[in-house]
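**Q** Quick one: this structure, given as structure tokens, is what I'll be asking you about.
The values are calculated or read from the model by the stated rules, or taken from the named source; none is laboratory data. In this text the structure is predicted, and so the values were computed from the model without any measurement. Cβ placement follows ideal geometry from the backbone for every residue including glycine, while neighbour counts extend to all protein chains displayed.
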Amino acid sequence: MKKLIALALTLSTIFALTSCSSGGLSKANENAFVSGTGVAVYIKAADRKPAPDLLGPTLSGTNLKIAKNQEIVVNVWASWCSPCRAEAPLLADFAKRLNGKVQFVGIVTRDNISSASAFVNRFNIPYPNFIDDSLLANFRGSLLPNAIPTTLIIDANNKVAVRISGEVTYALLDSMIKRVAADPSHE
């Protein structure tokens, strides 16, 4: 019995050490983190739900409202999340390349302002990042609230067209952005 308990403790320690760590943050809700699988769900135009208004305070200290009727890539992230750190350079590159064609925004979740600001500076994130977690609740039915990172693509009709749960890859994000832009319902 003692050997079984020791084995269980060892396995749980290994699991805890290899999971997405909190990076020294102590917020209790970070324990609810669920890592996505990187699977993209493309939603047919008839089944899409309206995206909520994207407005509120940003990391830069301003209040911002993102214009509708354009393609928008929304990335939900936290600085302590390993997959978020892995995808950050790719998202920054896409945002720079597609500047003026596709709007990129981030929503920081379960993080503190100083860590999130350091993350944005480290990865040279060129797009605005909202710091109001309540924005996530407005995506009811389109966003898994505990899965980070999650990336959504909103079409030009202001409807959620794609959900990528987990770390994005270049090929996946590129193909989904192009697919949404080429959609016949795209006005």
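**Q** I want to confirm something. Restricting to the range 95-134 and keeping residues that are exposed (fewer than 15 other Cβ atoms within 10 Å of the Cβ) and outside any loop (DSSP other than H, G, I, E, B), which single residue is modelled with the lowest pLDDT?
**A** SER134
**Q** Considering only residues that are surrounded by 13 or more Cβ atoms within 10 Å (Cβ to Cβ), over 14 Å from the mean Cα position of the chain (by Cα) and outside any strand (DSSP E or B), which ones fall in the range 55-94?
**A** Scanning the range 55-94 gives LEU59, ILE66, LYS68, GLN70, GLU71, ASP93, PHE94.
**Q** Which members of the range 147-184 meet the condition of being touching a Ser or Thr at 6+ places or on another chain (Cβ under 6 Å) and surrounded by fewer than 19 Cβ atoms within 10 Å (Cβ to Cβ)?
**A** Within the range 147-184, just ALA147 meets the criteria.
**Q** Take the residues in the range 24-40 that are surrounded by 13 or more Cβ atoms within 10 Å (Cβ to Cβ), within 18 Å of the chain's Cα centre (by Cα) and not charged (D, E, K, R); name whichever of them is modelled with the lowest pLDDT.
**A** The qualifying residue modelled with the lowest pLDDT is PHE33.
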